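Reviewing the structure listed below.
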Amino acid sequence: MSNSTHIGSTSLSYIDDKKKKKASPILNRVTPLHYSYISQLLISSLKEQFSALFSYCLSIMGEVLKKEAYGLAVKDESGVISPFRFSRRETGENDVRLKVLFCGICHTDLSMAINEWGFTSYPLVPGHEIVGVVTEVGAKVTKFNAGDKVGVGYMVSSCGSCETCIDDQENYCPKMILTSGGKYYDDTITYGGYSDHMVCEEDYIIRIPENLPLDATAPLLCAGTTVYSPMKYHGLDKPGMHIGVVGLGGLGHVAVKFAKAMGTKVTVISTSDRKRDEALTRLGADLFLVSRDPEQMKDAMGTMDGIIDTVSAPHPVLPILDLLKYKGKLIMVGAPDKPLELPVLPLIFGKKMVVGSMVGGIKETQEMMDLAGKHNITADIELISADYVNTAMKRLEKADVRYRFVIDVANTLKPSP
Ligand code: NAP
Ligand code: ZN
């Protein structure tokens, strides 16, 4: 026993000696600096683990705090719209949550629904002409309060620091996030206004003037700013100018109203005579041309300072270019899915310009909205219930709408069972 104890102790002390022999040169070299370094490593590793745990808890809390939402979505290229349940993020410190009251149906919703431009991701909850009432604001929100009447247009975020953002043209920011069918920072798809509520950073929210009816104001969030922005930018907002508007649909009829409010002479260029009376009487246009009547088009050659082309389908450009005066500008806002044929000689001989334009920046959208408030400009709408949306899309495809469908979201959109 003692022997074995002895052997054991001998061998243990032997190992201890060996350890000491081996360890001592290192231990001798460990200074207080090393201890501090090691403890820092330990602390930072603990910090990392704690921070990971904290983020994990936050993400779980985020999931819990996410708000259930319901709406209408397109699930595939058939374009058929059906009920859809999803969730919206919690109200962040810079966010505004709104109950959606009304949402316009832009032709872009139709093009996106059927993947006409090739970049739609499904499920798509369309809608970027949104008007609602604020229900909740984040801790750092300064511009809005619960109860305010507000609107959301084509975008819900942008980088805020690039050349275009600094220029108040967030609509051209390469990182701009679409209201519907875009990708948010957390990699989720953005869902638009065919839904019961929305969350949006306060910097992308538009205030609605008190005097405007909310349903007929919704289309201004896209159609209004899309025509207002290029008219201002290209100096086509001066009294006495002659402006042409091609296509009397959602964008076109609002363009007529803004152009008249700016004091210009306005000619509507439409595919048929069907809308002549309304254009001249109700909308206040000065002249009306049928684009498919070469005689009428010829008589108006060289008379216009600028033309806003809102046509959603391929169409001949030459007769439209011919309507422009020397130095006239043709602004393309309509987005046909196929290229248009652009004859160059009329551009060269007339020093004419063809340019494009996409919606408007937040600052100019607010400016447009305030001008609309001042002149009582709203869209002419057909207010529809949520269950009419598929029929509305079919009618929109045939340009059969006077002049914008608006969904009565709050009163007619119900959650699917
Ligand atoms: P809309 O209500 O359908 O109006 C388009 C109008 O174009 C129709 O009312 C029709 O006017 C005319 N039209 C249709 N098919 C035609 C054809 N084959 N040939 C000639 N004219 C035709 O559409 P919207 O909502 O105003 O949108 C118009 C276009 O602008 C769409 O392509 C949309 O995607 C695009 N958009 C662009 C922006 C942007 O930022 N640039 C913003 C919003 C929308 P007439 O009956 O008078 O002929
Ligand atoms: Zn639009």
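Please treat every number below as a calculation from the coordinates, not as lab data. Not measured: the values here are computed from a predicted model. Here the Cβ is made from the backbone with ideal geometry for all residues, glycine too, and neighbour counts use every protein chain on show.
From the set of residues in the range 95-108 that are touching a His at 6+ places or on another chain (Cβ under 9 Å) and among the aliphatic types (A, V, I, L, M), which is nearest to ligand 2 (Cβ to nearest atom)?
Per the stated criteria, the residue is 100.
Taking the range 240-270 on its own, how many of its residues are free of Cβ contacts under 8 Å to residues at least 60 places away in the same chain and more than 22 Å from residue 360 (Cα to Cα)?
Qualifying residue count for the region: 6.
Suppose the filter is of a type outside the set (D, E, K, R) and under 13 Å from the mean Cα position of the chain (by Cα); does residue 161 pass it?
Spelling it out, it is not the case that residue 161 is of a type outside the set (D, E, K, R) and under 13 Å from the mean Cα position of the chain (by Cα).
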Hits in the range 249-276 - residues which are more than 20 Å from residue 295 (Cβ to Cβ) and within 7 Å of ligand 1 (Cβ to nearest atom): 249, 250, 251, 252
Of all strands (runs of 3 or more DSSP E) fully inside the range 109-228, the set with 3 or more residues that are more than 17 Å from residue 98 (Cα to Cα), of a type in the set (S, T, N, Q) and within 13 Å of ligand 2 (Cβ to nearest atom) is none
In the range 169-201, the residues that are more than 29 Å from residue 411 (Cβ to Cβ), of a type in the set (D, E, K, R) and surrounded by 14 or more Cβ atoms within 10 Å (Cβ to Cβ): 170, 175
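Using the structure shown, decide if residue 87 is touching a Lys or Arg at 6+ places or on another chain (Cβ under 8 Å) and within 14 Å of residue 389 (Cα to Cα).
The answer is no for residue 87.
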Every listed condition ((1) buried (at least 16 other Cβ atoms within 10 Å of the Cβ); (2) farther than 22 Å from residue 111 by Cβ) holds for residue 255 save (2)
Of (1) in contact (Cβ under 8 Å) with a residue 24 or more places away in the chain; (2) more than 16 Å from ligand 1 (Cβ to nearest atom), residue 147 satisfies all except one. Which? (1)
Just need a number here: residues in the range 229-243 that are outside any loop (DSSP other than H, G, I, E, B) and either more than 11 Å from ligand 1 (Cβ to nearest atom) or out of contact with any Asp or Glu (no Cβ under 9 Å at 6 or more places or on another chain) (or both). 6
For the range 360-417 the number of residues that are in a strand (DSSP E or B) and either more than 18 Å from residue 216 (Cβ to Cβ) or acidic (Asp, Glu) (or both) is 2
Which of the residues that make up the range 332-359 are more than 16 Å from ligand 2 (Cβ to nearest atom) and under 30 Å from residue 115 (Cβ atoms)? 338, 339, 340, 341, 342, 354, 355
Residues (within 30 Å of the chain's Cα centre (by Cα), surrounded by fewer than 19 Cβ atoms within 10 Å (Cβ to Cβ) and closer than 22 Å to residue 289 by Cα) located in the range 303-353: 313, 314, 315, 316, 335, 336, 340, 341, 342, 353
Give the residue that is farthest from ligand 1 (Cβ to nearest atom), with candidates limited to residues of the range 387-409 that are under 21 Å from the mean Cα position of the chain (by Cα) and of a type in the set (A, V, I, L, M, F, W, C). 409
